[in-house]
């Protein structure tokens, strides 16, 4: 069982958003600060938009397109966890 102590977040801003993308593995976003407008397009083609705020945890399945636009003043502090196809979990930070 993975345990993450004192994860270090990556900072995203309106100038460095998380562009829409997808993976062949599951991913978990832990919002540690700020807020953003998030978007997702499921494997069924259905689009969703919602707000991410500090304390939220977003679990994204493999193959789901996802991204976000951080709020202008607050930006977004995000810790990411990648679950690869072998079921091994490891911490991974996306860098702007």
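Some points to look at:
- In the set 86, 90, 95, only one residue is at pLDDT below 85, outside any loop (DSSP other than H, G, I, E, B) and under 18 Å from residue 22 (Cα atoms); that residue is 90.
- Entirely in the range 13-60, the strands (runs of 3 or more DSSP E) that have 3 or more residues that are modelled with pLDDT of 95 or more, surrounded by 15 or more Cβ atoms within 10 Å (Cβ to Cβ) and in contact with a helix residue (DSSP H, G or I) (Cβ under 6 Å, 6 or more places away or on another chain): none
The values are calculated or read from the model by the stated rules, or taken from the named source; none is laboratory data. Being a predicted model, the structure only gives us computed values, none of them experimental. Note that each Cβ is placed from the backbone with ideal geometry, even for glycine, and that neighbours are counted across all protein chains shown.
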